[in-house]
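Engineer: To start, I am sharing the structure in question, which I have written as structure tokens.
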Amino acid sequence: MTDKQDSYKVFLVGHCIPDSYALKSALRSISSSIKMERINNEQTLIDQLSEADLLLVNRVLEGRFSSENGVDLIASLASNNAVNPPKMMLVSNYEDAQQHAVQAGAVPGIGKSSLYDDQTAQRIQSAFGIAEHSANA
């Protein structure tokens, strides 16, 4: 992966420890330039939002959020004029949830069962705006 910057910051939002570990492993296989932080508190997320390049939001949020629904969180962040969220991506195997997330303001997401698929790498790279560079490498 050809990077435009030294590193990319990804927040793993509302994921349990095992899922966070799996996501971190998959992202490391895409690029060592991806730095990850697990966020399981809505206020912490809002306070640190400007530090992230991408949010990987769990479909069913674990932690302290105003809703258990990741799509609701995406919609709230996308519609809140007080925050300028980074790109957001739903992590879910359910196609209907993925469609709702995109309608709410997310970019096309990834499934937990396809973390190491080429499409996952392409979507992550695209979220960082670097997929076109990888295709030419």
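Engineer: Return one number: the angle in degrees, 0 to 90 and rounded to the nearest 10, between the long axis of the Cα atoms of helix 17-30 and the longest principal axis of the Cα atoms of the chain.
Structural biologist: 30 degrees
Engineer: Give a residue-ordered list of calculated ³J(HN,Hα) values for segment 33-46 (Karplus: 6.51 cos²θ - 1.76 cosθ + 1.60, θ = phi - 60°; whole Hz; x for Gly, Pro).
Structural biologist: Per residue, the Karplus-derived 3J(HN,Hα) values read 7, 8, 9, 10, 9, 7, 10, 10, 9, 4, 5, 4, 4, 5 Hz.
Engineer: Computed from the coordinates I sent, Cα Rg over 2.2 N^0.38 Å equals one of (1) 1.02; (2) 0.97; (3) 1.26. Tell me the label.
Structural biologist: (2)
Engineer: Determine the dipole magnitude for segment 8-136: charges of +1 sit on the beta-carbon of Lys and Arg, -1 on that of Asp and Glu, nothing else is charged, the reference point is the Cα centre, and the result goes in debye to the nearest 20.
Structural biologist: Values: 10 positive and 14 negative charges, 59 e Å.
Value, rounded to 20: 280 debye.
Engineer: Mind checking the full-extension length gain between residue 84 and residue 21? Use 0.36 nm per residue of separation minus the Cα-Cα distance, one decimal, nm. Please list the in-between numbers first.
Structural biologist: Working: separation 63, 0.36 × 63 = 22.68 nm, distance 2.73 nm.
Additional length available on full extension: 19.9 nm.
Engineer: I would also like to ask the following. So how far apart, in nm, are the two label points at residue 93 and residue 62 if each is 7 Å from Cα heading toward Cβ?
Structural biologist: Inter-label distance under the simple model: 1.6 nm.
Engineer: Would you please give the residues with an amide H less than 5 Å from that of residue 69, counting only those at least 5 places away or on a separate chain, with H modeled from the backbone geometry?
Structural biologist: Under 5 Å from the amide H of residue 69: 61.
Engineer: Per residue of segment 72-83, what does 6.51 cos²θ - 1.76 cosθ + 1.60 with θ = phi - 60° give for ³J(HN,Hα)? Whole Hz please, x for Gly and Pro, Karplus curve as stated.
Structural biologist: In residue order, the calculated couplings are 4, 5, 4, 4, 5, 5, 5, 9, 7, 5, 7, 10 Hz.
Engineer: How many lysine pairs does the chain hold where the Cα atoms are under 15 Å apart and the two sit 8 or more places apart or on different chains? Could you put the intermediate results ahead of the total?
Structural biologist: Numbers: 4/35; 9/24; 9/35; 9/87; 24/35; 24/112.
So the count of such lysine pairs works out to 6.
Here, each number is a calculation from the coordinates, and none is a lab measurement. Every value quoted in this text rests on a predicted model; they were computed, and no experiment measured them. Methodologically, a virtual Cβ is constructed for each residue, glycine included, from the backbone with ideal geometry; neighbour enumeration extends over all protein chains shown.
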